[in-house]
1. Only residues that are touching a helix residue (DSSP H, G or I) at 6+ places or on another chain (Cβ under 8 Å) and either closer than 19 Å to B:Gln80 by Cα or not in a loop (DSSP other than H, G, I, E, B) (or both): list them for the range B:8-28, please.
2. For B:Arg179, only one of the following conditions fails: (1) at the interface with chain A (Cβ under 10 Å from one of its Cβ atoms); (2) in a strand (DSSP E or B); (3) not polar (S, T, N, Q). What is its number?
3. Of the conditions (1) under 30 Å from B:Trp203 (Cβ atoms); (2) at pLDDT below 90; (3) over 23 Å from the mean Cα position of the chain (by Cα), A:Val167 clears all except one; give me its number.
4. Tell me which residues, restricted to the range B:121-149, are β-branched (Val, Ile, Thr) and either more than 11 Å from B:Glu99 (Cα to Cα) or free of Cβ contacts under 8 Å to residues at least 40 places away in the same chain (or both).
5. Return the residue satisfying two criteria in turn: it lies in the range B:103-126 and is surrounded by 13 or more Cβ atoms within 10 Å (Cβ to Cβ) and assigned to a loop (DSSP other than H, G, I, E, B), and of such residues it is modelled with the highest pLDDT.
6. May I ask you to list pairs of residues, at least six apart or on different chains, whose Cβ atoms are under 9 Å apart, with the first in the range A:94-106 being under 14 Å from A:Val163 (Cβ atoms) and the second being charged (D, E, K, R)?
7. So which of A:Leu87, A:Leu81 ends up being in a loop (DSSP other than H, G, I, E, B), of a type in the set (A, V, I, L, M) and on the phi < 0 side of the Ramachandran plot?
8. Which number in (1) surrounded by 14 or more Cβ atoms within 10 Å (Cβ to Cβ); (2) modelled with pLDDT of 90 or more; (3) not basic (Lys, Arg) marks the one condition that B:Ala73 misses?
Amino acid sequence: MSVRHALLALLSEGPKYGLQLREEFEAGTGEVWPLNVGQVYTTLQRLERDGLVESEGDGQDGPQKGFLITQAGREELTGWLLTPPDLASPPRDELVMKVLVALRVPGTDVRDVIQVHRRYLVQLMQQWTRIKDTEAESDLNLALVVDAELFRLDAVVRWLDAVDGRVKRAAADRLAGSPASPPDTKNAQDTNSTAVAGPLPRARRRTGTRR
Amino acid sequence: MRHVSRVYGQGAAKVQALHEVDLDVDAGMMVAVMGPSGSGKSTLLTIAGSLEDPSSGEVRVCGEELTKLSRNAKARLRRQTIGYVFQDFNLLPGLTAAENVTLPLELDGVPARKARVAGLAAMAELGLADRASHFPDMLSGGERQRVAIARAVVGDRRLLLADEPSGALDSVNGEAVMRLIHTACKRGLAAVVVTHDAQLASWADRVVFLRDGRVTDQTMPAPGPESLLTPGPRQPGPGQ
């Protein structure tokens, strides 16, 4: 979450004081992202240093000091709105690591590990849904933030469901005597392939890139 | 449900769809049953709705043990006490929305005028008052499912059974469907919603997880929403 750009967005509506910015920030994010007043003033100082906002009043820091956005600030804000966040490199996801590790630890049933996490996620989703049912009904900002959380958690549950299905199928394939990984014999012509079929290098490839 | 099992086929073709399932749903509660395809979710629902008998075990609805009821008594229970909501709505295309809603009451012998009053009241509660004389093909997907819910709760129903009730609806309409079922529960209905969708399941008071015909887990009562809205560090997840 860019506090810097959120403050620019609030100032694009007109000049505001520091405390006012804090209140409007929290209200605008459905009060899900708290912001302390020190963080507001530190950010405003940096924005002023970079020429993106100007202060008004007698130059003394304090609650009576107002801020307004500059032309450079407006351009910075527009540029930020139109720049997609970096979603290209997969984050090092702790849950993905736990599931991959669970596949290797002797005596561990990966499906039991998956279920512990699935239950936790669904319980968390139940809590967010309670908020949607009660407080978010009349608060569009809060409803949007809650939706974002629910979709994010839902995606993780779906991934766990997919892991469950793949692990079950791989076990059935092993019982039936066929290899779980894609058989190289099908790609006999691809003799130059550098792909390694073992689980660890594949896991590394999938999660190795970090932001 | 107590020790409910359901077996299909015999010998090598034997399939154990449900295995010793215990499930309690109190009045006013919504329970979601989650599990992958083939985990026994739909079998559980059809047995709870007396549309199918268990191979063994006991099923009670409002105190009545289903396996001890005659066919006629079961049919009456289905008409009067249990409402069903299906993925594909199952509305009769030749009847208007209001006629679809009142059909179970009329089949049960309720006079047409009285049935219509009850039907229109149920539709009004679901925001369908101006759709009463529309035929199903004149309604949107979301409206059709609301009609189906009105049909499932009309009269004095006590148990609502829903199989993937948001079906192919988009997320906003799917949420509207869950809100309606949730509201019906607040009025005292018991509901069982079968789904593989965690967002829908999260409307339930309790989520039961089914795997290979067995209940393997369920959610604990969740802490209140305050824990997510209070400033400060979030609660850590398991093992983090």
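1. Looking only at the range B:8-28, we keep the residues that are touching a helix residue (DSSP H, G or I) at 6+ places or on another chain (Cβ under 8 Å), and these are B:17-18, B:21, B:23, B:28.
Listed by number, the residues that qualify are B:Ala17, B:Leu18, B:Val21, B:Gly28.
2. (2)
3. (2)
4. Result: B:Ile149, single match.
5. B:Val110
6. Final answer for the pair search is A:Val96/A:Arg206; A:Leu100/A:Arg206; A:Ala102/A:Asp109; A:Ala102/A:Asp112.
7. Only one candidate qualifies: A:Leu87.
8. Going through (1) surrounded by 14 or more Cβ atoms within 10 Å (Cβ to Cβ); (2) modelled with pLDDT of 90 or more; (3) not basic (Lys, Arg) one by one, B:Ala73 breaks only (1).
The values are calculated or read from the model by the stated rules, or taken from the named source; none is laboratory data. What you see is a predicted model; the values in this text were computed from it and never measured. We place every Cβ from the backbone using ideal geometry, glycine too, and count neighbours over all the protein chains shown.
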